[in-house]
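Comments concern the structure below.
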Amino acid sequence: MNTTTTEPPARQQTATDPAARRQASADPLRLTLVVGSNRHGRFGPVVADWLLDRIRDRDDVVAEVVDVAEAALPMSLEPTPEATVALSGITPKLARADAFVVLTPEYNHSFPAGLKNLVDWHFTEWQAKPVGLVSYGGLSGGLRAVEHLRQVFAELHAVTVRDTVSFHNAGASFDDRGALRDPSGPDAAAKTMLDQLVWWGLALREARVNRPYGS
């Protein structure tokens with residue numbers, strides 16, 4: 001999966017700095033795409049690459065990727081040296097994000113354990129930020145996993161946007177080169193979701209600058 005990103009450096013912003021407030025409105029939205037499957041033979045990278053192409057078509061968003069399959073996080077939530085090393089490549093990407101897209105398959109009517117583990121290792125990184133949800137699966141298109149994720153992110157003080165992108169019978173939706181056989185519907189759904197994500201992301205970023213969340 002291509003995870004190349006071209007993003008501006010992070011800026012420290014304070015509520016008392018008018019220049020920081022102006023910059024918060026002007027900068028592109030920082031979006032972190034979380035690829036939620038680590039199953040052998042997973043289909044997620046195909047969907048992720050398609051989605052990253054849609055994101056890169058926009059000039060109001062810059063993206064980077066966190067991939068659960070590359071996150072060697074223990075399930076015990078014990079802060080071991082190994083966990084600290086693994087988190088060093090994940091936590092900064094979540095912390096500097098203004099918004100998230102979480103890509104999930106559906107396993108047994110819910111989302112994967114590896115994704116839940118990565119989510120549970122973090123808390124403040126999700127707060128007062130919007131989350132877009134993209135799913136894939138069989139007949140349900142992963143929508144049951146999406147509804148479970150909404151509950152999880154509500155508990156973490158995040159805001160899930162209303163519209164989602166879902167792929168029913170996902171394997172048949174893409175050809176052998178990873179291109180959609182009929183891109184019109186998914187492309188339109190992705191635009192709607194990303195438009196909502198940008199609106200919420202910019203609004204909440206400005207709000208966090210003016211009044212840090214929880215203050």
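Of note:
- Positions within region 180-192 being among the hydrophobic types (A, V, I, L, M, F, W, C) and surrounded by 13 or more Cβ atoms within 10 Å (Cβ to Cβ), in sequence order: 180, 189, 190
- Here is the figure for region 176-191: residues that are assigned to a helix (DSSP H, G or I) and not small (Gly, Ala, Ser) total 3.
- Residue count for region 40-67, restricted to those that are under 20 Å from residue 141 (Cα atoms) and either in contact with a Pro (Cβ under 9 Å, 6 or more places away or on another chain) or touching a residue at least 24 places away in the same chain (Cβ under 8 Å) (or both): 12
- The set of residues from region 121-132 being of a type outside the set (Phe, Trp, Tyr) and either more than 17 Å from residue 35 (Cβ to Cβ) or in contact with a strand residue (DSSP E or B) (Cβ under 7 Å, 6 or more places away or on another chain) (or both) comprises 124, 127, 128, 129, 130, 131, 132.
- Verdict on residue 37 being buried (at least 19 other Cβ atoms within 10 Å of the Cβ) and either among the acidic types (Asp, Glu) or part of a loop (DSSP other than H, G, I, E, B) (or both): yes
Each reported figure results from applying straightforward, stated rules to the coordinates on display, with no laboratory input. Because the structure is predicted, anything quoted here is derived from the model rather than measured. FYI the Cβ positions are ideal-geometry reconstructions off the backbone, even for glycines, and counts take in every protein chain you see.
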